[in-house]
Amino acid sequence: MVATILDGKAIASQIREELAEEVAKWTAKRAITPCLAAVLVGDHPASEVYVRSKRRACEQAGLESQLHRLSGDCRESDLLELVDRMNRDPAVHGILVQLPLPAHIHESKILDAINPMKDVDAFHAENVGRICQGRPRYLPCTPHGIVQLLHRTGIKVSGKQAVVIGRSDIVGKPMAMMLMNRDSTLGPACANATVTVCHSRTAGLGDITRQADLLVAAIGRPRFVTADMVKPGAVVIDVGINRVDDQLVGDVDFEPVKQVAGHITPVPGGVGPLTVAMLLYNTLLAAKLQHTSA
Ligand code: GUN
């Protein structure tokens, strides 16, 4: 069997078009433009690229965006003051502090300082807790993009064995919670999986991954998932973006795994574009939540 390639880029374009239409309608009614404020600390090259692509996507969808830059040796208090200013600015609906931050800044202190109503990354403890309790406000962009990809491709998750490799706060943990929950933004068919989370210290990893109907690789190691770890016909979602010899490769050994899986996402052009699309979704949602009566 050769897997069907899941075209994340095309699905992200479709979502972005739908959102642009919704933004135009919402903005015309209220004379308010949803606004995302992004913060870049230091000059991490990958972060520069990601933030640029997020801001360009905002512009194309009719959203406003701001960019706030701080130098890599700024004090933690400088960043906290900036976050406080954005929290109090009614023209800013969504706040995104691009990670990673320099080592001398406590990431959780910064994320905790963001007003949870403006937390379009869904990294604040309150928003994480709400997902855990099955009553989300915002969903983190990458796992939400994966749910959209599955739904829009007609792949049902309910009742399936899902294995998530990776336990990060950004992808692994929220992905597992969302797949396990009773419902999703797209209905119960995209939830209700039986979920196992594996990580770098899991013993007998292959025995576990071979059980998976849905395998999500988010461990940050190039070509970590090999063909022998995949159940024939499985849906394989590759969240990895690793640079190897100037080439972008995922966490899945794409060519051999493609011969075994039923569906697979490529890198690039799979999950990445969906992350950006779902950030636009959250920014519009943030504006809606902050102007419920407007
Ligand atoms: N760094 C890598 N991915 C992300 C993301 O989704 N949001 C933020 N804020 N930083 C990141």
Inset, instruction - Sort the stretch 1-125 into rounded, prolate or oblate with this rule: let a ≥ b ≥ c be the square roots of the eigenvalues of the Cα gyration tensor; rounded if a/c is under 1.5, and if a/c is not under 1.5, prolate when a/b is larger than b/c, oblate otherwise. - result: oblate
Inset, instruction - Can you bin the stretch 126-197 into rounded, prolate or oblate? Criterion: square roots of the alpha carbon gyration tensor eigenvalues sorted a ≥ b ≥ c, rounded for a/c under 1.5, prolate for a/b above b/c, oblate for the rest. - result: rounded
Inset, instruction - Find the accessible area per residue for the chain; the probe is 1.4 Å, ligands and nucleic acids are left out, and the unit is Å². - result: 46 Å²
Legend entry - the chain, accessible surface, carbon-and-sulfur percent (1.4 angstrom probe): 51 percent
Inset, instruction - Please compute the Cα-Cα pair-distance distribution of the chain with 5 Å bins starting at 0, giving whole percents from short to long. - result: 1, 6, 12, 16, 18, 17, 14, 9, 5, 2, 1, 0
Legend entry - Cα Rg over Rh - the stretch 152-280, Kirkwood: 0.94
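The values are calculated or read from the model by the stated rules, or taken from the named source; none is laboratory data. Only a predicted model underlies this, so the values are computations on that prediction, with no experimental measurement involved. All accessible areas refer to the heavy atoms of the entire protein, side chains included, with ligands and DNA or RNA removed. Shrake-Rupley method; radii C 1.70, N 1.55, O 1.52, S 1.80 Å.
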